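Each remark here refers to the structure printed beneath this line.
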Amino acid sequence: MKVKVIGIPVQDQSKALAFYTDKLGFIKKHDVPLDERNRWLTVVSKEEQEGTEILLEPSPQNFEPAKVYQKALFEAGIPYTQFNVDDVQAEFDRLRELGLEFSVEPTEMGTVKIAVFDDTCGNNIQIVQLL
Amino acid sequence: MGLPGFLRRPWNSVRFSILKAGTVMNLYKREIERIKRVCYSNDRQIATVIAARNFILNNFAAACSLETLSSRHFTSKFHFLRLFKKYYGLTPKQYLTMKRIEESKRYLKAGVSVAATCYRVGFDTPSSFSTLFRSRTGFSPLEFQKKQFSQSQSAPGSGTCCQ
């Protein structure tokens, strides 16, 4: 077994694609129309284009419990997932300049530094740097 | 629910923080503070393991023995070993091997020969390098290198990484 795809629930796939590529710097990998509303839409890290794909999945629109779960996590401030960066402070500065909102500013926690931002698609996302 | 209501009903603080998520103190931020207290309250230990990790990252190609690492931080070998593992989940030796394998992938992708890669990242013999590389990645160094080249040639737009 291999890890090829991990999913992130998004409320609006078009908006999510714009955010994850324009703001976060991911690159679109697959975009396959499934029906009039939904697409199989994946992005990859620019630095690891053969790496694990992120599926921007429209589950909150299609499955009520997914919507409820996403909302509860978001309101509790809990990140849906996390991405690794070399420098949390530099990434925080860059993203805030682009208008992103952070619920946790760069914080050292033992051997890691973390920050948490709102992905505007219904999720908190954590960035982490190993110290 | 406003602040006065919260003060009257402190047992309801978790719900309060959920309602006010993103503004002051949400559940996750509370957890961060709690885990900091529980796991990361010993600043000196943390400084020691962070310095040791940085030493490994900067000196992975040279010999990094447990003795060198522990004596740099004036601790006994075994105390240091336990500390490192406690904070990073790997022993210093495992961490060093992981770093060397990671670096070796970069050399192999750039077309450096297996033997040259082996010595550049600090392994003693190509055979021990190959064995470790295979156990971590599922491929021998040569297979890995060939796979990288065939992938970069077949994938449109990704050829630049190997030029």
Item checked: Farthest positive-ward along the range B:43-90 dipole, Cα basis, beta-carbon charges - from B:G89, B:A47, B:L57 -> B:G89
Checklist line | Long-range HN-HN contacts of A:G7 with modeled amide H, under 5 Å | finding: A:L55
Note to self: Using the Karplus curve 6.51 cos²θ - 1.76 cosθ + 1.60 with θ = phi - 60°, what ³J(HN,Hα) values do you get for each residue of the range A:95-101, in whole Hz, with x for Gly and Pro?
What the structure shows: 6, 5, 4, 7, x, 6, 9
Notebook entry, point to check: Using modelled backbone amide H atoms (1.01 Å from N, in-plane), which distant-in-sequence or interchain residues come within less than 5 Å of A:L131's amide H?
Noted result: A:V112, A:K113
Note to self: Between helix A:64-76 and chain A, what is the angle of the helix's C-alpha long axis to the longest principal axis, kept within 0 to 90° and rounded to the nearest 10?
What the structure shows: 10
Note to self: As a footprinting exposure proxy, order B:F84, A:F92 by other Cβ within 10 Å, with the fewest listed first.
What the structure shows: A:F92, B:F84
Next item on the list: Would you pull out the residues with amide H under 5 Å of A:R39's amide H, same chain only if 5 or more places away, H placed 1.01 Å from N?
Entry: A:L34
Check: Which of A:P79, A:P33, A:P106 moves most in a GNM of chain A, Cα contacts under 10 Å?
Finding: A:P33
Notebook entry, point to check: Do any of A:K46/B:K146; A:K15/B:K85; A:K29/A:K113; A:K23/B:K29; A:K28/B:K93; A:K2/A:K28 go past 32 Å between their Cα atoms, and which?
Noted result: A:K15/B:K85; A:K28/B:K93
Notebook entry, point to check: Can you give the charge dipole size of the range B:43-90 about its Cα centre, rounded to the nearest 20 debye, using +1 on the beta carbon of Lys and Arg and -1 on the beta carbon of Asp and Glu?
Noted result: 140
Note to self: List the aspartates and glutamates whose Cα sits under 16 Å from the Cα of B:K99, skipping any in the same chain fewer than 8 residues away.
What the structure shows: A:D86, B:D124
Next item on the list: Please name which of A:F92, A:Q11, A:Q126 has its Cα lying farthest along the dipole of chain A towards the positive end, using unit charges on Cβ (Lys, Arg +1; Asp, Glu -1) and the Cα centre as origin.
Entry: A:Q11
Next item on the list: For the range A:53-60, take each phi angle, set θ = phi - 60°, evaluate the Karplus expression 6.51 cos²θ - 1.76 cosθ + 1.60, and give the result in whole Hz per residue in order, putting x for glycine and proline.
Entry: 8, 9, 8, 8, 9, x, 4, x
Margin query: Counting only other chains, and only Cβ atoms inside 10 Å, what mean value do you get across the residues of A:74-83?
Written below: 4
Check: Average partner chain C-beta neighbours within 10 Å, per residue of A:102-109?
Finding: 3
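Here, each number is a calculation from the coordinates, and none is a lab measurement. Everything quoted here is computed from the prediction, not taken from an experiment. Neighbour counts are summed over all protein chains in view; Cβ atoms, including those assigned to glycine, are modelled from backbone coordinates with ideal geometry.
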